[in-house]
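Student: Take a look at the following structure, please.
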Amino acid sequence: MSRVPFLDLAKAYQELRPQLDKALLRVASSGQYLFGPETESFEREFADYIGTRYAVTVGSGLDALIIALRAYGIGVGDDVLVPTNTFVATWMAVSAVGARPIPVEPDPHTYNIDIKNLNRSLSKNTRAIIPVHLYGRPCDMESVTKWAKDHSLPVIEDAAQSHGAWMQHPLRKTGSLGQAGCWSFYPGKNMGAFGDAGAITTNDERIAERCRELRNYGSVVKYHHETMGVNSRISEMDAAVLRVKLRVLNEWNRRREAVAQQYLDLLSDVPLVLPELPESVKPSWHLFVVQTSERDGLRQFLREHEIDTQIHYPVPPLRQPVYAAQYSPNGCPIAEWLSQRILSLPIGPHMSEAQVRRVSDLVHRYYS
């Protein structure tokens, strides 16, 4: 049988080709390629979808985090609480503004930041917390926001993997649960652009205006620069692409959910730790992550049968060379343990039932 890719972006384009080609031609013919009607429309439509008053587009998910932190005045001498189990961009954003990432261990079942570990990481220099909705599963934002409010800290959500995910209590989407939500539209995300792009969602008009200023050389009025800004903008092309993909996001997330449910059914009798499905959240199923003590052997077996898998993430941020000198090598035992056990199986809106069954059959063969 043919290879099962981890994610098939070519099929995503083929399904939407008429709409995407039309949108791209519309921009190409307009002669306006930055800060035009496509960007304005996408910002309005995305804010409406998330349930916030504002959305500010930027050049990447990392830029979204950096700009949001700067908008809240986070900088040198400040501490920011971050998960030990996340992509390194969450940490790098904190370092980029001169602040210090303070690691918080995850819940080994949800993979997200564990509310019980927040107090031990709190200090007099703590100025913010960045919970990550890892793999598309919403963090326990009810507990996080209550804790943050008790300590007068802004909550900046890293929502890069959770497009369309929501919590039931209250019934709200990720990116609208804290003071700001930071998004990546990297091509492999549930809603991806054709290149790097990102956004910040918020209900705070002052923060939205500050983010707009920071993303554009510190300028609101052309050639008048109020502060030290950066160049972090999306193109009209990417905004047009994202407008098309926003219209199918819910449907594509439903397809991802169907793939996840098929995995859960077919793999229920093998010695894997499968993702949990709490009733209080609706994941975006950006990734389907399992745990096994035989991770490397299983991955090699699947590779030999042309099944693509990935590890998210093989090395915790505080053990990366860029941070290793600043933190104890034993500072994240839970994240370290997870990094040796987790494996991401293929998932996407264009994965067929036959492909899911083939992956599942091979997992059974490995364990038999």
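Student: Give me Rg/Rg_expected for region 215-368, where Rg uses Cα atoms only and Rg_expected = 2.2 N^0.38 Å with N residues.
Tutor: Taking the Cα Rg and dividing by 2.2 N^0.38 Å, one obtains 1.40.
Student: Would you please classify the overall shape of region 168-237 from the alpha carbon gyration tensor, given that a ≥ b ≥ c denote the square roots of the eigenvalues, rounded means a/c under 1.5, and beyond that prolate means a/b larger than b/c while oblate covers the rest?
Tutor: oblate
Student: Okay, moving on. With the radius of gyration and the Kirkwood radius both derived from the Cα set of region 94-156, what is their ratio Rg to Rh?
Tutor: So for region 94-156, dividing Rg by the Kirkwood Rh gives 0.94.
Student: Taking only protein heavy atoms and a 1.4 Å probe, what accessible area per residue, in Å², does region 1-96 have with all protein chains in place?
Tutor: In whole numbers, region 1-96 has 44 Å² accessible per residue.
Student: Just the projected area, averaged over all directions, of the convex hull on the alpha carbon atoms of region 2-69: how many nm²?
Tutor: The Cα convex hull of region 2-69, projected and averaged over all directions, gives 7.0 nm².
Student: Using the scaling law 2.2 N^0.38 Å as the reference, what is the normalised Cα Rg of region 117-274?
Tutor: Computed over Cα atoms of region 117-274, the ratio equals 1.23.
Student: Separate question: What is the spread of the Cα atoms of region 1-147 along each of their three principal axes, largest first, in whole Å?
Tutor: 55, 47, 26
Student: Report, in order of residue number, the helices in the chain meeting two criteria: a C-alpha extent of 18 Å or more along the helix axis, and a mean Kyte-Doolittle hydropathy of at least -1.0; treat each whole DSSP H run as one helix.
Tutor: 9-30, 236-266, 353-367
Student: On the accessible surface of region 159-236, probed at 1.4 Å, how many percent belong to carbon and sulfur atoms?
Tutor: Ligands and nucleic acids excluded, carbon and sulfur reach 50 percent.
Student: While we're looking at this one, here's another question. What's the FRET efficiency of Glu279 with Lys116 using the Cβ-Cβ distance as r and R₀ = 30 Å, to the nearest 0.05?
Tutor: Here the calculated transfer efficiency is 0.90.
Student: For region 52-138, give the magnitude of the charge dipole about the Cα centre (Cβ charges: +1 Lys/Arg, -1 Asp/Glu; no others), in debye to the nearest 20.
Tutor: 200
Student: With labels modelled as points extended 7 Å from the Cα through the Cβ direction, what inter-label distance (nm, one decimal) is found for Glu45 paired with Val248?
Tutor: Distance between label points: 1.3 nm.
Student: If each of Arg17 and Asp150 carries a label point 7 Å out from its Cα toward its Cβ, how far apart are those two points in nm?
Tutor: Taking the two extended label points, one gets 5.6 nm.
Student: Next up: Going through region 196-276, which chymotrypsin sites (Phe, Trp or Tyr not before Pro) have at most 16 other Cβ atoms within 10 Å and a DSSP loop state?
Tutor: Tyr223
Student: Does a label point 7 Å from the Cα of Met228, set along Cα-to-beta-carbon, have any residues of region 63-77 with amide nitrogen under 11 Å, and which are they?
Tutor: The answer is 76, whose backbone nitrogens lie closer than 11 Å to the label point.
Student: What residue among Val290, Pro346, Gln326 has its Cα farthest toward the positive end of the dipole of the chain, where the charges are +1 on Lys, Arg and -1 on Asp, Glu, each on the Cβ?
Tutor: Gln326
Student: Starting from the alpha-carbon convex hull of the chain, give the projected area averaged over all orientations, in nm².
Tutor: Mean projected area of the Cα convex hull: 18.6 nm².
Student: Nearest 20 debye, what's the magnitude of the dipole of region 211-352 about its Cα centre given +1 on Lys and Arg Cβ and -1 on Asp and Glu Cβ?
Tutor: It comes to approximately 620 debye.
Student: A further question follows. I want to make sure I understand the PRE zone here: with the label point 7 angstrom from the Cα of Leu9 toward its beta carbon, which residues in region 31-66 have backbone N atoms less than 17 Å away?
Tutor: 59-62
Student: Taking one equal scatterer on every alpha-carbon of region 205-292, how large is log10 of I(q)/I(0) by Debye at q = 0.17, 0.20 1/Å?
Tutor: Debye curve over Cα of region 205-292, log10 I(q)/I(0) at q = 0.17, 0.20 Å⁻¹: -0.83, -0.94.
Student: A further question follows. At Val220 and Phe35, where each label point lies 7 Å from the Cα along Cα→Cβ, what is the point-to-point distance in nanometres?
Tutor: Taking the simple label geometry, Val220 and Phe35 are separated by 1.3 nm.
The values are calculated or read from the model by the stated rules, or taken from the named source; none is laboratory data. What you see is a predicted model, and the numbers here were worked out from it, not measured in a lab. With ideal geometry, Cβ positions are generated from the backbone for all residues, glycine too; neighbour counts draw on all protein chains shown. For the accessible areas, the whole protein counts, side chains as well, though only heavy atoms, and no ligand, DNA or RNA atoms are used. Shrake-Rupley method; radii C 1.70, N 1.55, O 1.52, S 1.80 Å.
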